[in-house]
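Worksheet: the structure to be examined is printed underneath.
The values are calculated or read from the model by the stated rules, or taken from the named source; none is laboratory data. All of these numbers come straight from a predicted model, not from anything done at the bench. Glycine also receives a Cβ, built like all others from the backbone with ideal geometry; neighbour counts cover every protein chain displayed.
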Amino acid sequence: MQIKENPTVYDAIIVGSGAGGGMATKVLADAGLKVAVVEAGPFFDPKNPEQQTQLKWPYESPRRGAGTVRDFGEFDAAYGGWEIEGEPYTRKDGTQFDWFRSHMLGGRTNHWGRISLRFGPLDFKHKDVDGLGDNWPIGYEDVKPYYDKVDKLIGVFGSKENLPNEPDGFFLPAPKPRLHELYYIKAARKSGITVIPSRLSMLTKRINEDRGVCFYCGQCSRACQVHADFSAGTCLIFPAQKSRGQVDLFVNCVVREVTTNEEGRATGVSYINKEDRKEYTLKGKVVVLAASACSSARILLNSKSKQHPNGLGNGSDLVGKYLHDSTGSSRAGFIPDLMNRDIYNEDGVGGMHVYSPWWLDNRKLDFPRGYHIEVWGGMGMPNYGFGFDVNEFNKFFGLPTGGYGDQLRADVKKYYGAVVGFGGRGEPIALKDNYCEIDPTTVDQFGIPVLRFHYKWSDHERKQARHMQSTFEELIHNMGGEVLGNTPSAEQDYGLAAPGRIIHEVGTTRMGDDPKTSVTNRYQQLHEVDNVFITDAGPFVSQGDKNCTWTILALSMRASEYIVDQLKQQNI
Amino acid sequence: MDRRDSLRSLLLGSVAGGLALHGCKPADNEIADALGTQAEEHLFGRTPEEKEQIAKLRAEAFFNDHELETIVVLASRILPPHPEFGGPVEAEVPEFIEFMAKDIPELQTTLRGGLMWLDHQSNTQYGIEFKGATEDQQKALMDTIAFYDPEVRGDERPLEIQFFSLMRNLTVCGYYTSKVGIAELGYKGNSPNVWDGVPQEVLDKHGMAYEEEWLAKCVDQSRRNETAEWDEEGNLLT
Ligand SMILES: Cc1cc2nc3c(=O)[nH]c(=O)nc-3n(C[C@H](O)[C@H](O)[C@H](O)COP(=O)(O)OP(=O)(O)OC[C@H]3O[C@@H](n4cnc5c(N)ncnc54)[C@H](O)[C@@H]3O)c2cc1C
Ligand code: SF4
């Protein structure tokens, strides 16, 4: 089969259109450059009626929203999931890592939780405190100007709190707490837990003429048709297409590898067009990988050549290593005071209106690093699963469970909105022995060798999960509630979610000043190939107890400005 | 005839024939409404592959007519039609159960086996299949399997109890995720609005109040359309 060459030479080829790729596209196009964006999934715009799931009713789906096909339910915007037909991944030595991928313009930012937190000063230098893991080569002060710009460009609501490791930003005003959130505020304070307005990237106020303002449907996971929530497609790629640069979108195109020349420098990429299943190449002066931390590692490892026999930029043998996901554990409670509720519209934004940043001092605890608490509850739209075990909570009142007849109608209303749940999201310690690598025995439907994962939690993470569980139980008791389910045991890792499940994959191409112990430099440029950059979460050395995406965006902006500058100076 | 159309006519037949039982027999125009609005192909953001998969499942038949009629009778006993809003038939619960049985094949044996269990019990005790038994006979049978012990794990309960729980779950869920069920529940969302906090009377009822200090951090909804501007310290000016 002959590989088809495109004669255009782009200033930059960007692989992937999620948070990292979207931001690179915006910055490079704004600088007037000619860029190609190569995206494995289809074009996607939540404004398009054919792709829209927002404001649909459960009965429009024959499965009433069940998650049989889409993991987070029929109306979730993700084109992808934990498993994708024809694109397997494997696991090693009986360990587990679950990998969530979305293939579509905008990637996982179409349906992410929009929790948009900055890392604090400590999060870049935590080794200095407890000797674990590694410090970043850069610090908060290097990233702060970019966080500021991202806040203004994209929009995030929150509040000024002056907390030491939770830096404030340029916030839009927060939405008022819902009823169960008022209960939470009380309960958290009773236990001395800090509680503040949450920080999410939906527009509670206008920021420009291109995007609408939130109309409180609570459905950001379905992607917003007025573009009031942040998605990389709607908020970065679309504006980039209107900028003075040139943006050529190659959708449904899966990058196989970065192509190189005799000197070992990148010349472009080769990809497979899903529509005709043929191989093509594109030429570019710079290649920006932003296919998500694991996908970008896979592309590097598959880009073997005489000059890079171990994969591109992998002289250190560290590509794929130090993969880490946030810790996560959750629990729910039944709150009798929230029974028999008056019904009104409390959809709010598509996420919590209040949360708790980490509030304790690890010197007094048996685990390192912290976690934050996410809160959910309320009178949501009925969907598949609604009304299952409708009167299970009767057991708390010594009443029979089950039955039939009109009583069930009363039970539905009695318990509607009476459950509150918590999720802890914490910082793990990155380990070299947690990694992804190429599985020599397996290829996907495009003939590209796939990833094999090896990942084990340590006691640091397990003890953190145990602490989350006892905190949640205390909170539920403070709310006068009944904890649901049993306290997870040591054998159950205290309810610690399997690696990957929190969907914060970072660390596979970590940055550093020493090429022997890192893959990229402080500007996310491969140590070994100066015209290849990585702008997803691969270069993260650690990820704090903050969801990673706001930092992906800030660092991608920083790396992209550096690329513009280096191209101008003809250094690359 | 498309499977959905044949299902509907079967169900309407059973309603008309009095199988959907006492009280509320939906008026003809209600049925027509339900058919008109819910049977038409909705766009709900499916990819071409997803559309194909739904069409494939719809074209298959899982339950036979007798089983479907029994489902109608049983579902209508579990959630009797509401005089104002309707019941499982108006909520298209039988269609939903049929679809889920194909969508999640693990449900099939429990559902089909449970329906057989019902008929077997009814035949043995009353000499008639469940759907033809009297209301009292049906209820007497249901009473033996309708309640479960929450201390026993779901999959360790007797099959007939698991069956009834599954039927109740699918019936209640199918009803309250339908147009009529949502109307009965009174869910108010899924529509553009402006969230401006919990209504005062609800706050009062729960002994809650918004603190001034917290409200100062919240959006003034009268200015939501003014473009945001900040000073250098990040204080919002607009
Ligand atoms: C349900 C859910 C909730 C989340 N909530 C939050 C949250 O609240 N806060 C937070 O900070 N983070 C959250 N995240 C994580 C967040 O979505 C990711 O951190 C973020 O999207 C990562 O951006 P990325 O650009 O690295 O990758 P992605 O957004 O995954 O984008 C990568 C893109 O690259 C494409 N691609 C992959 N391989 C190739 C290839 N070989 N060739 C061409 N293209 C390719 C993909 O199709 C995809 O479009 C959540 C994720 C999920 C799934
Ligand atoms: S909650 Fe607001 S931002 Fe989110 S999808 Fe609805 S309208 Fe859009």
How many residues of region A:186-207 are within 11 Å of chain B (Cβ to nearest Cβ), away from ligand 2 (no atom under 15 Å from the Cβ) and outside any helix (DSSP H, G or I)? The answer is 3
Can you confirm whether region A:351-372 contains a residue that is within 13 Å of chain B (Cβ to nearest Cβ) and of a type in the set (D, E)?
no
If you take the residues in region B:60-108 that are away from chain A (no Cβ under 12 Å) and assigned to a loop (DSSP other than H, G, I, E, B), which one is surrounded by the most Cβ atoms within 10 Å (Cβ to Cβ)?
B:V89
Looking at (1) surrounded by fewer than 24 Cβ atoms within 10 Å (Cβ to Cβ); (2) within 16 Å of ligand 1 (Cβ to nearest atom); (3) more than 20 Å from the chain's Cα centre (by Cα), which one does A:I115 not meet, given that it meets all the others?
(3)
The strands (runs of 3 or more DSSP E) lying wholly within region A:249-358 that contain at least 2 residues that are basic (K, R) are A:278-289
Taking region A:327-350 as the search range and keeping residues that are within 16 Å of ligand 1 (Cβ to nearest atom) and within 11 Å of another protein chain (Cβ to nearest Cβ), which one is farthest from A:S221 (Cα to Cα)?
A:G348
Every pair of residues 6+ apart whose Cβ atoms lie under 8 Å, when the first sits in region A:208-223 and is under 18 Å from A:N345 (Cα atoms) and more than 9 Å from chain B (Cβ to nearest Cβ) while the second is more than 7 Å from ligand 2 (Cβ to nearest atom) and part of a loop (DSSP other than H, G, I, E, B):
A:C220/A:H111; A:C220/A:G113; A:C220/A:R114; A:C220/A:G351
In region B:109-131, residues that are out of contact with any Leu (no Cβ under 9 Å at 6 or more places or on another chain) and not in a helix (DSSP H, G or I) total 2
Please work out if B:V180 is at the interface with chain A (Cβ under 8 Å from one of its Cβ atoms) and in a helix (DSSP H, G or I).
no
From the options A:G81, A:G18, A:G86, residue that is surrounded by fewer than 17 Cβ atoms within 10 Å (Cβ to Cβ), under 30 Å from A:P440 (Cα atoms) and within 15 Å of ligand 1 (Cβ to nearest atom)
A:G86
Checked pairs for region A:394-407, first within 10 Å of chain B (Cβ to nearest Cβ), second among the aliphatic types (A, V, I, L, M) and in a loop (DSSP other than H, G, I, E, B), C-beta under 6 Å and 6 or more apart or across chains, list as A:G402/B:A146; A:G403/B:A146; A:Y404/B:A146
Can you say whether A:S270 is small (G, A, S), more than 14 Å from every other protein chain (Cβ to nearest Cβ) and within 16 Å of ligand 2 (Cβ to nearest atom), as far as the supplied structure shows?
no
Would you check if A:L105 is within 14 Å of ligand 1 (Cβ to nearest atom) and in contact with a Lys or Arg (Cβ under 7 Å, 6 or more places away or on another chain)?
no
Which condition does A:Y10 not pass, out of (1) away from ligand 2 (no atom under 16 Å from the Cβ); (2) touching a residue at least 12 places away in the same chain (Cβ under 8 Å); (3) over 13 Å from A:D248 (Cβ atoms), if it passes all the others?
(3)
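For (1) in a helix (DSSP H, G or I); (2) surrounded by fewer than 20 Cβ atoms within 10 Å (Cβ to Cβ); (3) facing chain A (nearest Cβ under 7 Å), each residue gets a yes or a no:
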{"residue": "B:I145", "(1), (2), (3)": "no, no, no"}
{"residue": "B:P150", "(1), (2), (3)": "no, yes, yes"}
{"residue": "B:I161", "(1), (2), (3)": "yes, yes, no"}
{"residue": "B:P192", "(1), (2), (3)": "no, yes, yes"}
{"residue": "B:V198", "(1), (2), (3)": "no, no, yes"}
{"residue": "B:V202", "(1), (2), (3)": "yes, yes, yes"}
{"residue": "B:E232", "(1), (2), (3)": "no, yes, no"}
Would you confirm, using the coordinates I've provided, whether A:K285 is away from ligand 1 (no atom under 15 Å from the Cβ), away from every other protein chain (no Cβ under 14 Å), in contact (Cβ under 8 Å) with a residue 60 or more places away in the chain and basic (K, R)?
yes
Has region A:217-236 got any residue that is more than 9 Å from ligand 2 (Cβ to nearest atom), more than 19 Å from the chain's Cα centre (by Cα) and closer than 23 Å to A:V37 by Cβ?
no
Based on what the data block shows, is A:L451 surrounded by fewer than 22 Cβ atoms within 10 Å (Cβ to Cβ), within 17 Å of A:G500 (Cα to Cα) and among the aliphatic types (A, V, I, L, M)?
no
Name, by its number, the condition in (1) within 14 Å of ligand 1 (Cβ to nearest atom); (2) surrounded by fewer than 22 Cβ atoms within 10 Å (Cβ to Cβ) that does not hold for A:T25.
(2)
Give all pairs with beta carbons closer than 6 Å in which a residue from region A:70-81 that is at pLDDT 95 or above meets a residue that is among the acidic types (D, E) and away from ligand 2 (no atom under 15 Å from the Cβ); count only pairs at least 6 apart in sequence or on separate chains.
A:G81/A:D71
Anything in region A:229-244 that is more than 16 Å from ligand 1 (Cβ to nearest atom) and assigned to a loop (DSSP other than H, G, I, E, B)? List them, or say none.
A:K242, A:S243, A:R244
Regarding region A:154-170, can at least one residue be identified that is within 13 Å of chain B (Cβ to nearest Cβ), without any contact (Cβ under 8 Å) to a residue 24 or more places away in the chain and of a type in the set (A, V, I, L, M, F, W, C)?
yes
I'd like to know if region A:93-102 contains one or more residues that are out of contact with any helix residue (DSSP H, G or I) (no Cβ under 8 Å at 6 or more places or on another chain) and either without any contact (Cβ under 8 Å) to a residue 24 or more places away in the chain or within 16 Å of ligand 2 (Cβ to nearest atom) (or both).
yes
So which of A:I154, A:I193 ends up being within 25 Å of A:R369 (Cβ to Cβ) and either crowded, with 20+ Cβ neighbours inside 10 Å or away from ligand 1 (no atom under 16 Å from the Cβ) (or both)?
A:I193
Any idea which of A:V247, A:V258 is more than 13 Å from ligand 1 (Cβ to nearest atom), buried (at least 20 other Cβ atoms within 10 Å of the Cβ) and under 28 Å from A:L312 (Cα atoms)?
A:V247
Scan of region B:132-143 for residues that are over 22 Å from A:L399 (Cβ atoms), more than 11 Å from every other protein chain (Cβ to nearest Cβ) and in a helix (DSSP H, G or I), ordered by number
B:G132, B:E135, B:D136, B:Q137, B:L141
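Residue-by-condition table, conditions (1) closer than 16 Å to A:L408 by Cβ; (2) among the hydrophobic types (A, V, I, L, M, F, W, C); (3) in contact with a helix residue (DSSP H, G or I) (Cβ under 9 Å, 6 or more places away or on another chain):
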position: B:T47; (1), (2), (3): no, no, no
position: B:N64; (1), (2), (3): no, no, no
position: B:P81; (1), (2), (3): yes, no, no
position: B:A91; (1), (2), (3): yes, yes, yes
Checking A:G421 against (1) within 14 Å of chain B (Cβ to nearest Cβ); (2) part of a strand (DSSP E or B): exactly one of these is not met. Which one?
(1)
Could we say that A:K34 is farther than 19 Å from A:F230 by Cα and crowded, with 20+ Cβ neighbours inside 10 Å here?
no
